[in-house]
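Just below is one structure, and these are the notes that go with it.
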C-alpha cells in the first residue's frame, strides 16, 4: 500500500464537486473528511489540492482520474447488472449499457473502493 494519498480537484470557477453518493447523498468532499483522518491514523500522508482552471476540470487520486478508478471499482457491480445477468433474471430493461461510464453519482462503497485502488502499489 502506498504511504501517500493525494487528491487533486481541478474545478472551473466555484463549481461544487460533481461527485456524490447515490445511497447516502454525501458529496465526495464530505466523504473525504471522514476518510482522511482514518488514512492518517494508519500512516498514510494526505495532500488535498484544489485548483481553479478554465478547462481540464476533474478529480484525481494519486494521479489517476477518479472517473477511471470508479469504473474499475464498479466492475463487479456492473457484472451483476450486466445484460446477460439481467436477462437471466428476466429483467433485461435493468441492464447497464456497456459503453456508458459509471458517472458522478454512485454508491458510497464505490468511492471508498476508488480510494483503496489509488493506494495500491
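For residue 98, the conditions (1) modelled with pLDDT under 90; (2) surrounded by 12 or more Cβ atoms within 10 Å (Cβ to Cβ) are fulfilled apart from (2).
Evaluating residue 23 against the criteria (1) assigned to a loop (DSSP other than H, G, I, E, B); (2) without any contact (Cβ under 8 Å) to a residue 40 or more places away in the chain leaves one unmet condition, (2). For the stretch 56-82, filtered to residues that are surrounded by 13 or more Cβ atoms within 10 Å (Cβ to Cβ) and on the phi > 0 side of the Ramachandran plot, the residue that is modelled with the highest pLDDT is 62. When we screen 85, 33 for residues that are at pLDDT 85 or above and assigned to a helix (DSSP H, G or I), the only hit is 33. Taking first residues from the stretch 48-71 that are in contact (Cβ under 8 Å) with a residue 24 or more places away in the chain and partners that are surrounded by fewer than 13 Cβ atoms within 10 Å (Cβ to Cβ) and not in a strand (DSSP E or B), the Cβ contacts under 6 Å between residues at least 6 apart in sequence or on separate chains come to 71/101.
The values are calculated or read from the model by the stated rules, or taken from the named source; none is laboratory data. All values derive from a computational prediction rather than experimental measurement. With ideal geometry, Cβ positions are generated from the backbone for all residues, glycine too; neighbour counts draw on all protein chains shown.
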